[in-house]
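Peer 1: There's a structure below that I have some questions on.
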Amino acid sequence: MSKENQEETSSSKTVDFVWSNVKIKLKKIYGSQEYTNWLKLLNFNSIKNNVLILNAPTKFMCDWISSHYGKKVLNTWREFDKSAKDISIILNEQANNTIQNQNQSKENQQNIEKNTKTDLLNNLDPRFIFKDFIVGKPNELAFSACRRVAESENVAFNPLFLYGGVGLGKTHLMHAIAWEKKKRNPALKILYLSAEKFMYEFIKALRFKNTVAFKDQFRSVDLLMIDDVQFIIGKESTQEEFFHTFNALADQNRQIVVSADKSPSDLEGLEERLRSRLGWGLVADIHPTTYELRLSIIEAKIDKFNINLPKDVAEFLAHKITSNVRELEGALTRLTAHVTLVGRPIDLEIAQDLLQDLLRASDRRATIDQIQKKVAEYFNIKISDMHSARRSRIITRPRQIAMYLSKNLTTRSLPEIGRKFGGRDHTTVIHAIRKVQELKKNDSNFSEDIEILTRSLQS
């Protein structure tokens, strides 16, 4: 193969990598249904004269997507490639036959949406397979347990409970289990969904008086996987339904896999009987990544997508982007987009310039768990008091301070912060932030406490 052809192949792989990440983010922004209806059929064409050119299968879709989604698609692309100044969506003549089969009438789409037995396996990401999961000391137990579940014809552990921080690989492993199970036995009935989706499906069933179909759907599967189960903290009816679903499947010796950000015993606000059930089987934690694991992940991505990234830049990323794997992959995507679309090779200086926002955030980032621990130690209270319903001043003030610091020192939303404090509402978090701000202005000793805690969390 000539040098020119090699460069063309490498560029193509990198663009595919970038475009796939853009599509993943669009799906998260708009949701699975809206993304499938309008954005899934978009294809990358080229970038010419700073214009991002995409293909759509019909003239109507070109016009509709341009007017309703064009700006957002462009802005999402610009997160990885600042050189794109405008967007053009043009007709893909070759797709007309495909769209005839794929794009059904509005009436059919509505019927699909009403169908309570939607194949939730469609939510699985094809990238998330065992082969592409990088194993290191922080995640080896969880990986081995997931492989055992995926390869076993019988129930291995029930449930398998995975827990760890955001972006450490829980979702990847759950998707990998489903793909492997399906490959070994295509006839298996598998459901994967978030706890939030489980709740919304349950609410929909109640609304349309279709609880029998709901129960049949969830209690007749061979493998049920629920992601981010901490979301149902404080949702009593959803917890009740999940409890009965869990028991029904366990009684039939059907496999259950659950993930959360904490171990079952630490999920304050979850019903005791449900916490007990979740701790029945194997509980496997995924620890924060080490430098060695992060470097291995980067090198695997470089090899897979044939990316030309200097060794010192790879080591720099592994050293500086420590919060989670998603941010590490995002940084790598941004650098590779620069190489492909701007046409200049990456060195350490350019990498620092392109990633300055991520690096600043990483330098100042703490987790909500770390904040709660630090504040609890400082005021000599229990960490569990952060999640409890106790309202004595000796508890509420440190809790308000922890909420305030969580908003200032993390990127978490107000509802996410509230959930980490015993499933509280976002308005409670807002009140706490305003109260701390007011006390800082009027009490110098209080303000000094905040400064001390902030410095200790950022050091």
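The values are calculated or read from the model by the stated rules, or taken from the named source; none is laboratory data. Computed from a predicted structure; not experimentally measured. Methodologically, a virtual Cβ is constructed for each residue, glycine included, from the backbone with ideal geometry; neighbour enumeration extends over all protein chains shown.
Peer 1: Would you tally the residues in segment 434-443 being under 12 Å from residue 403 (Cα atoms) and either within 26 Å of the chain's Cα centre (by Cα) or surrounded by fewer than 19 Cβ atoms within 10 Å (Cβ to Cβ) (or both)?
Peer 2: 3
Peer 1: Report the residue count in segment 324-346 for those that are without any contact (Cβ under 8 Å) to a residue 40 or more places away in the chain and part of a loop (DSSP other than H, G, I, E, B).
Peer 2: 4
Peer 1: In addition: From the set of residues in segment 154-167 that are of a type outside the set (Gly, Ala, Ser) and part of a loop (DSSP other than H, G, I, E, B), which is surrounded by the fewest Cβ atoms within 10 Å (Cβ to Cβ)?
Peer 2: The extreme case among them is 154.
Peer 1: Can residue 198 be described as under 28 Å from residue 322 (Cα atoms) and in contact with a helix residue (DSSP H, G or I) (Cβ under 7 Å, 6 or more places away or on another chain)?
Peer 2: no
Let's see how each residue does on (1) touching a Pro at 6+ places or on another chain (Cβ under 6 Å); (2) closer than 29 Å to residue 358 by Cα; (3) charged (D, E, K, R); (4) modelled with pLDDT under 80:
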residue: 3; (1), (2), (3), (4): no, no, yes, yes
residue: 11; (1), (2), (3), (4): no, yes, no, yes
residue: 26; (1), (2), (3), (4): no, yes, no, no
residue: 37; (1), (2), (3), (4): no, no, no, yes
residue: 43; (1), (2), (3), (4): no, yes, no, no
residue: 48; (1), (2), (3), (4): no, yes, yes, no
residue: 79; (1), (2), (3), (4): no, yes, yes, no
residue: 100; (1), (2), (3), (4): no, no, no, yes
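Peer 1: Please go through (1) in the same structural domain as residue 182 (by TED's automatic domain parsing); (2) surrounded by 21 or more Cβ atoms within 10 Å (Cβ to Cβ) for residue 250 and return the number of the only condition it doesn't satisfy.
Peer 2: (2)
Peer 1: Pick out the one residue from 189, 170 that is surrounded by fewer than 16 Cβ atoms within 10 Å (Cβ to Cβ) and either touching a strand residue (DSSP E or B) at 6+ places or on another chain (Cβ under 8 Å) or closer than 16 Å to residue 280 by Cβ (or both).
Peer 2: When all the criteria are applied, what remains is 189.
Peer 1: Still on this model: Which ranges mark the helices (runs of 4 or more DSSP H) fully within segment 369-459 that have 2 or more residues being hydroxyl-bearing (Ser, Thr, Tyr) and outside the structural domain of residue 326 (by TED's automatic domain parsing)?
Peer 2: Passing ranges, in order: 393-409, 426-442, 444-458.
This table checks each residue for (1) modelled with pLDDT of 90 or more; (2) within 22 Å of the chain's Cα centre (by Cα); (3) closer than 18 Å to residue 401 by Cβ.
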position: 351; (1), (2), (3): no, no, no
position: 355; (1), (2), (3): no, yes, no
position: 361; (1), (2), (3): no, yes, no
position: 366; (1), (2), (3): no, yes, yes
position: 369; (1), (2), (3): no, yes, yes
position: 372; (1), (2), (3): yes, no, yes
position: 375; (1), (2), (3): yes, no, yes
position: 378; (1), (2), (3): yes, no, yes
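Peer 1: Do you know which residues across segment 263-289 are among the charged types (D, E, K, R) and either in contact with a Leu (Cβ under 9 Å, 6 or more places away or on another chain) or closer than 21 Å to residue 149 by Cα (or both)?
Peer 2: Result: 275, 277, 285.
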